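Working notes, beginning with the structure itself.
The values are calculated or read from the model by the stated rules, or taken from the named source; none is laboratory data. Predicted, not measured: the structure shown is a model, and the values here were computed from it. Virtual Cβ from ideal backbone geometry, glycine too; neighbours counted across all protein chains shown. Heavy atoms of the whole protein, side chains included, go into the accessibility calculation; ligands, DNA and RNA do not. Shrake-Rupley method; radii C 1.70, N 1.55, O 1.52, S 1.80 Å.
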Amino acid sequence: MRLLSILTVSIGLIFAFSSCDRDSGPVMSSSPDAPSITSDMEGQSFQLLEDEADEILFTLEWTAADYGYDAAVEYEVQISETGDNFENYNELGSTAETEISFTVGEVNSELIAMGFDDTQDAEVQIRVIAKVDGAEVDEEVSEPVSLMIRPYLVEIELPEIYVPGGYQDVSGYGNEWSPEDAPPLFSFDDDDVYTGYVYIAEDDSEYKFTYERSWDLNWGDDEGDGTLDEDGANIPADAGYYLMEVDLNDETYSVLDTEWGIVGDATPGDWDGDTMLEYDMEEKVWAVDVDLVEGEMKFRANQTWDDLDYGDNTGDGTLDEGGENIPVEEAGNYTVILNLGEAPFSYELIMN
């Protein structure tokens, strides 16, 4: 009897430990509760102002996601254009809490990055995504709230290098060999690749590149092979309007002489013949007065599609290389202006 009692107790303990092992992991809900935005924001409109950039625009609050156990949840707040169904979105912020505040400047930066400007309200949606790091569970997604937000434009200062040379005076760029007056090249992606346009009025000219508006760090080309040499020889150039690209990562440069025209079914030459623009040295723009009809047009270099063409992807007057056709909505006589001397490159269609 004593042996039977010991065996009974032992078997009982084995079952007890087995039960503890089975119950040691978390019990996950088969249908977790998604976060739900509780802030009263649906349909609100905001006008963003630059002098309020550091102020809180809104605080977004939501209920916690419930996975059926004490999960370490991270929440990501996403913003997307209304109608896009979040196929394309920007992350506004993330937190382990159930609320997060955003300043005017933070929201404005995201809207500008999404392609909105100050000409109209941005219709956007915001939602919250719940994620559990390291766990094989699905993300839980809140219902979005819809907002209308008018951003403000911020002037972005792009990194620059400069092109001083013996061409400056006669070409409208101030004193000869003066980095202080020289035209800039711009690093549009802040990647040490610099691009810009420089007008050289006369043959047998020379130039160099400087890192700042001084001679402290400058480059020429000793071998004439497109490779930069620090304190190197002057680079020769004939008259032209040059697209210059300098890559400081591999210390190379290239130049392309360009003449500019417009082409398209809105122009006199349709898509087959360019209406050429003339360069205005004082204003540093290309321009032409021309009769346009309703249709579309683009800017094209050297009367060919093989070099460069510019369109406008957003209709804001800013040029995009290889961009969308530019609409001409009304027939008439226009002054067409192409500005490649400042960043961003831009254009105007002014009806006379």
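Side notes on the structure shown:
- Any pair with Cβ under 9 angstrom, 6 or more apart, that starts in region 128-140 at a residue that is closer than 10 Å to residue 32 by Cα and ends at one that is outside any strand (DSSP E or B) and open to solvent by 70 Å² or more (accessible area, probe 1.4 Å): 137/28
- Cβ pairs under 9 Å, 6+ apart, first in region 77-89 and in contact (Cβ under 8 Å) with a residue 24 or more places away in the chain and of a type in the set (A, V, I, L, M, F, W, C), second in a loop (DSSP other than H, G, I, E, B) and buried (at least 18 other Cβ atoms within 10 Å of the Cβ): 79/89; 86/144
- Comparison of 99, 123, 139, 143 shows that the only residue that is touching a Leu at 6+ places or on another chain (Cβ under 7 Å) and not basic (Lys, Arg) is 99.
- Residue within region 229-248 that is at pLDDT below 95 and over 19 Å from residue 184 (Cβ atoms) present: no
- When 61, 76 are checked against the criterion of being part of a strand (DSSP E or B), open to solvent by 60 Å² or more (accessible area, probe 1.4 Å) and modelled with pLDDT of 95 or more, a single residue qualifies: 61.
- Within the set 289, 265, 216, 231, the sole residue that is over 18 Å from residue 177 (Cα atoms) and open to solvent by 70 Å² or more (accessible area, probe 1.4 Å) turns out to be 289.
- Region 138-159 - residue that is surrounded by 17 or more Cβ atoms within 10 Å (Cβ to Cβ) and more than 24 Å from the chain's Cα centre (by Cα) and, of those, farthest from residue 47 (Cα to Cα): 140
- Counted residues, region 294-339 - those being assigned to a loop (DSSP other than H, G, I, E, B), more than 19 Å from the chain's Cα centre (by Cα), among the hydrophobic types (A, V, I, L, M, F, W, C) and surrounded by 14 or more Cβ atoms within 10 Å (Cβ to Cβ): 1
- Strands (runs of 3 or more DSSP E) wholly inside region 101-165 that include at least 2 residues being more than 23 Å from residue 58 (Cβ to Cβ): 160-162
- Within region 95-120, being over 18 Å from the mean Cα position of the chain (by Cα) and open to solvent by less than 60 Å² (accessible area, probe 1.4 Å) holds for 95, 98, 100, 101, 102, 103, 104.
- Among the residues making up region 300-352, those that are modelled with pLDDT under 95 and of a type in the set (Val, Ile, Thr) are 314, 318.
- Of the set (1) part of a strand (DSSP E or B); (2) open to solvent by less than 50 Å² (accessible area, probe 1.4 Å); (3) polar (S, T, N, Q), all apply to residue 254 but (2).
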